[in-house]
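**Q** The structure that follows is given in the form of C-alpha cells.
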Amino acid sequence: MDTGIKISIIVPIYNAEKYLKGTLKSLTEQTLKEIEIICVNDGSTDNSGSILEECAKKDSRIKIITQQNRGQSAARNAGIKTAKGEFIGFLDADDFVDASAFEKLYNQSNDCDIVIGDICVYNQTNNTYDYNDSYHSINVFPKSFRNRTFSPSECKDFLFRIAVNPWNKIYRHSLLNENNILFCENINFEDNPFFLEVFLSAPKVSLAPDAVFFYRIDSETSYSHSNGKNDYKKLDFFKIVDIEENILKNLGVYNDLKDAFNLRKKQVLFYWLKKIKNPYVYIKYRLKLLKVFPVYMLFGKYFQRFLFKVRLKKLLKQQNTYIWVEAGHYSFCTYVLGKSKIKNPLFVTNAENINGAPEIKNIKDVTPQRVIAITSVFYNYDKLVKQKLEEAGCKTEVCGLIFPV
C-alpha cells in the first residue's frame, strides 16, 4: 500500500476525556512522522469529541471517525477498514507510548509481518513503572529470539504466555487483509482470539524490546475499579475459548497445540472465577465451569494438588536441587510452597531485581544439579527454563511441575 504512510495507529475512544490529551500527545510527538492517527469516537458522552476536534486542528495526521456506541472491537475494525498505512498499530485511549516506539517498531520490520514491542505497567496511584511484569514483559521470549526474525511455530512452548494486547505490536496491513482478520464484535476480551489468529497467520515475526508502551493498569476504565459491576462480562470467556479452539482447528495447528491450549483454557477460566465479586455472576460462572470441568470441579483439583505436593517434596530431598524463580514469579512460588507446607526452600534465578528474599541465589553463584520449574501458567515451562539456563551458561536438569489451580 503505497500512500507514504508507514503506520496507521488506531485509537478506540469511549469516555476517555481524563487521559485523551496525554495519549494523543504521545502519538503526535512520535519520532516517526509518516503516520496517521485514526481516532474512532465510539459514542462518547463526555468531552472526548471536543478534545478530538481540538487536537485534529493542531495536527492534520489525526483523522476522526464518529459512530454510535458499538464497543471497542467495532471501533478498531472501523479504523482498520479506513487505514492507509503499510502497517497497522493500536493504542488505547488511556495509555501512552514512548516517543520513539513506533519508529523502532518500523525500523525492525524489514520483511516481517508482525513486530512486537515491550510493555511497561504504569500504576498512576503510586506513580510506579514496572518494566518486568511477569505477563506483559517481552521477557517471555528467550534471548535467542532477539535480533532475528522467527516463525510462530518456534513459540509453541510459550505461545499462551505472550501478551495478547494489540497495542504493543504493529501488523503488516496486507497480512490482515489477505487473511480477512478483524476483531470479534459483540463480545468482551476480543484481544485474545485476534492475537491468536493474526500471530499464527504471520510467516515472520520479530521483537523490538526498546519500543516501550505504557499500560495504565489502574485507570478508571479498568476492571480494578469496577467493584463487580462489570463481572457479567467475564462470562464471555467461555465463548472466547471456544472461538480460540476453532481458530486453532481452522489453521490446522490444534492437534499440535491441544495440550497447551487445554491447560491454558483451564487456567484462564479458573483465574477469572477468583476475580468475580458479584455473587449472582459467581454462581452462574461456577455452574458453567461445572459443565466444562465436572470431574475437576468435584474433586480432581485436590487429588492433583496432593500428587504435586508428594512429587515436589521428593525432588527437594535430592541433593543440590533448587526451585527456579524469575522476577514476577516469586510471589506465586512462595504461595505454592505455602500450600504444600514446605519451609525454607532454596530458589535459584538469573533475574537481578528480586530483593528481600534471602533464600534466593543467583544462577551465576551456584552450580545446581537440577532445578524445579513450577508454573500454573503454560505448557512446557521446563523447556523454556532449560533454554534460559543454557543462555546463562548452565547445563542443568530441569524438572517441570504444574501446580493445579
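The values are calculated or read from the model by the stated rules, or taken from the named source; none is laboratory data. What you see is a predicted model, and the numbers here were worked out from it, not measured in a lab. Here the Cβ is made from the backbone with ideal geometry for all residues, glycine too, and neighbour counts use every protein chain on show.
**Q** Return the residue satisfying two criteria in turn: it lies in the range 158-172 and is in contact with a Phe, Trp or Tyr (Cβ under 7 Å, 6 or more places away or on another chain) and touching a residue at least 60 places away in the same chain (Cβ under 8 Å), and of such residues it is farthest from Ser376 (Cα to Cα).
**A** Filtering the range 158-172 for residues that are in contact with a Phe, Trp or Tyr (Cβ under 7 Å, 6 or more places away or on another chain) and touching a residue at least 60 places away in the same chain (Cβ under 8 Å), the one farthest from Ser376 (Cα to Cα) comes out as Arg172.
**Q** So which of Ser109, Ser151 ends up being surrounded by fewer than 16 Cβ atoms within 10 Å (Cβ to Cβ) and within 30 Å of Lys84 (Cβ to Cβ)?
**A** Details: Ser109 fails: surrounded by fewer than 16 Cβ atoms within 10 Å (Cβ to Cβ).
Testing whether each residue is surrounded by fewer than 16 Cβ atoms within 10 Å (Cβ to Cβ) and within 30 Å of Lys84 (Cβ to Cβ) leaves just Ser151.
**Q** Please find, within the range 201-213, the residue that is surrounded by the fewest Cβ atoms within 10 Å (Cβ to Cβ) out of those that are within 15 Å of Pro166 (Cβ to Cβ) and aliphatic (A, V, I, L, M). Walk me through it before giving the result.
**A** Here is the first cut: in the range 201-213, the residues within 15 Å of Pro166 (Cβ to Cβ) are 201-202, 205, 211, 213.
Checking which are aliphatic (A, V, I, L, M) leaves us with 202, 205, 211.
On the way: Ala202: 17, Val205: 21, Ala211: 26.
That would be Ala202.
**Q** Could you grab me the full set of residues in the range 19-37 that are assigned to a loop (DSSP other than H, G, I, E, B) and not hydrophobic (A, V, I, L, M, F, W, C)?
**A** First pass over the range 19-37, keeping only residues assigned to a loop (DSSP other than H, G, I, E, B): 19, 29-34.
If the condition is that a residue be assigned to a loop (DSSP other than H, G, I, E, B) and not hydrophobic (A, V, I, L, M, F, W, C), then Tyr19, Glu29, Gln30, Thr31, Lys33, Glu34 are the ones that fit.
**Q** Select, from Lys169, Lys156, the only residue that is assigned by TED's automatic domain parsing to the domain that holds Tyr106, at pLDDT 95 or above and not hydrophobic (A, V, I, L, M, F, W, C).
**A** Values: Lys156 fails: at pLDDT 95 or above.
Result: Lys169 is the single residue among Lys169, Lys156 that is assigned by TED's automatic domain parsing to the domain that holds Tyr106, at pLDDT 95 or above and not hydrophobic (A, V, I, L, M, F, W, C).
**Q** Assess whether Pro193 counts as being under 20 Å from Gly71 (Cα atoms) and touching a Cys at 6+ places or on another chain (Cβ under 6 Å). Outline the logic, then answer.
**A** Details: under 20 Å from Gly71 (Cα atoms): yes; touching a Cys at 6+ places or on another chain (Cβ under 6 Å): yes.
Spelling it out, Pro193 is indeed under 20 Å from Gly71 (Cα atoms) and touching a Cys at 6+ places or on another chain (Cβ under 6 Å).
**Q** What's the number of the only condition in (1) hydrophobic (A, V, I, L, M, F, W, C); (2) part of a helix (DSSP H, G or I); (3) within 27 Å of the chain's Cα centre (by Cα) that Phe303 fails to meet?
**A** For Phe303, the exception is condition (3).
A quick yes/no check of all residues on (1) surrounded by 15 or more Cβ atoms within 10 Å (Cβ to Cβ); (2) over 28 Å from Leu196 (Cβ atoms); (3) not assigned by TED's automatic domain parsing to the domain that holds Lys156:
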residue	(1), (2), (3)
Val253	yes, no, yes
Asp259	no, no, yes
Leu269	yes, no, yes
Leu273	yes, no, yes
Phe308	yes, yes, yes
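**Q** Yes or no: the range 78-101 includes at least one residue that is at positive phi and out of contact with any helix residue (DSSP H, G or I) (no Cβ under 6 Å at 6 or more places or on another chain). Walk me through how you get there before you give the answer.
**A** Applying the first criterion (at positive phi) to the range 78-101 yields none.
Looking for residues that are at positive phi and out of contact with any helix residue (DSSP H, G or I) (no Cβ under 6 Å at 6 or more places or on another chain), one finds none in the range 78-101, hence no.
**Q** Now for a different question. Filter the range 306-342 for residues that are among the hydrophobic types (A, V, I, L, M, F, W, C), under 27 Å from the mean Cα position of the chain (by Cα) and assigned to a loop (DSSP other than H, G, I, E, B); which is nearest to Gln387 (Cα to Cα)?
**A** For the range 306-342, the residue satisfying everything is Val325.
**Q** May I pose another question? Have a look at Tyr282, Tyr330, Tyr322 and point out the one that is surrounded by 15 or more Cβ atoms within 10 Å (Cβ to Cβ), in contact (Cβ under 8 Å) with a residue 40 or more places away in the chain and in the same structural domain as Lys395 (by TED's automatic domain parsing).
**A** On the way: Tyr282 fails: in the same structural domain as Lys395 (by TED's automatic domain parsing); Tyr330 fails: in contact (Cβ under 8 Å) with a residue 40 or more places away in the chain.
Checking each option against the conditions leaves just Tyr322.
**Q** Residue check, Thr66 against (1) in contact with a strand residue (DSSP E or B) (Cβ under 9 Å, 6 or more places away or on another chain); (2) within 14 Å of Ala211 (Cα to Cα); (3) surrounded by fewer than 20 Cβ atoms within 10 Å (Cβ to Cβ), all met but one. Which one?
**A** Against the list (1) in contact with a strand residue (DSSP E or B) (Cβ under 9 Å, 6 or more places away or on another chain); (2) within 14 Å of Ala211 (Cα to Cα); (3) surrounded by fewer than 20 Cβ atoms within 10 Å (Cβ to Cβ), Thr66 comes up short only on (2).
**Q** Follow-up. Which members of the range 375-405 meet the condition of being at pLDDT 75 or above and aromatic (Phe, Trp, Tyr)?
**A** Within the range 375-405, Tyr381, Phe403 qualify.
**Q** Oh, and also: Name, by its number, the condition in (1) farther than 18 Å from Glu245 by Cβ; (2) crowded, with 18+ Cβ neighbours inside 10 Å; (3) not aromatic (Phe, Trp, Tyr) that does not hold for Leu263.
**A** Against the list (1) farther than 18 Å from Glu245 by Cβ; (2) crowded, with 18+ Cβ neighbours inside 10 Å; (3) not aromatic (Phe, Trp, Tyr), Leu263 comes up short only on (1).
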